[in-house]
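Student: Just dropping this structure here.
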Amino acid sequence: MKLSINGRTVSAEPAGSTTLLDLLRDDLALVGTKRVCDRGECGACTVLRDGVPIYACLTLAHACAGHEIRTIESLGNTDAPHVLQESFAAEDAAQCGFCTPGQLMAAVALLEHNADPSDTEIVAAMSGNLCRCGTYPKIVRAVRRAASLARAGTAEPTRG
Ligand code: FES
Ligand code: FES
């Protein structure tokens, strides 16, 4: 099968039972996507398939053939962070950070479809992503800040 991962065409021959999370972490060494509950409850493994957030732990790799997958590795880095990464840091929205890659990918999808979300819309869009450290208010502030920066033209929310 072939699929696109972070803009690169990847060929793979996963077993029928291999999940997208297995493929990303174990076969492709894309370990930014986290395995926490491994049963569709926490959202730590959230990636985008054709722009839509999905749980990689619940998605068979074969269900991604021909699709475009984006992971946390498609965003920025320390030297050139994505506006959402910069905003999470500015608002101190990560404690242990384990949920953060999934939170960021859910937020990327939100801002790509809604450049000016209300707090209610942010909470709804992020509702599939749990944070055991309880940083929810800071996460909402970070997403609101990133959206505001992007609308002001000082950052590009969809850059990846
Ligand atoms: S690791 Fe996939 S939802 Fe928790
Ligand atoms: S920052 Fe620790 S689980 Fe979210």
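FYI, it's all coordinate maths here, none of it is from the lab. Small disclaimer: the values here were computed from a predicted structure and weren't measured. In this analysis, Cβ positions are derived from the backbone assuming ideal geometry, glycine residues included, and neighbour counts consider all displayed protein chains.
Student: Considering amide H positions built from the backbone, and no H for Pro or chain starts, which residues 5 or more places from Thr19, or on another chain, come under 5 Å of its amide H?
Tutor: Distant-sequence amide H within range of Thr19: Ala61.
Student: Next question. Contour minus end-to-end for Ala124 and Leu58, with contour as 0.36 nm per residue of separation and end-to-end as the Cα-Cα distance?
Tutor: 21.7 nm
Student: Just the projected area, averaged over all directions, of the convex hull on the alpha carbon atoms of the range 1-137: how many nm²?
Tutor: 8.1
Student: How big is the gap, in Å, between the Cα center of the range 95-160 and the Cα center of the range 69-94?
Tutor: Computed from Cα coordinates, the inter-centre distance equals 10 Å.
Student: From the residues Gly43, Ala65, Thr19, which one has its Cα farthest along the dipole of the range 2-74 in the positive direction, the dipole being from +1 and -1 charges on Cβ of Lys/Arg and Asp/Glu about the Cα centre?
Tutor: Gly43
Student: At 222 nm, what value in deg cm²/dmol follows for the chain if DSSP H runs of at least 4 each add -39500 (n - 2.57) and the sum is divided by all its residues, to the nearest 500?
Tutor: Per the formula, -8500 deg cm²/dmol.
Student: Mind checking the full-extension length gain between Ser148 and Tyr136? Use 0.36 nm per residue of separation minus the Cα-Cα distance, one decimal, nm.
Tutor: Between Ser148 and Tyr136, full extension yields 2.5 nm more.
Student: What FRET efficiency would be calculated for the residue pair Val31, Lys2, taking the C-beta separation as r and a Förster radius of 25 Å, to the nearest 0.05?
Tutor: 0.70
Student: Output needed: percent of Cα pairs per 10 Å distance bin for the range 2-74, bins running from 0 to the one holding the longest distance.
Tutor: Here the calculated profile for the range 2-74 is 23, 62, 15.
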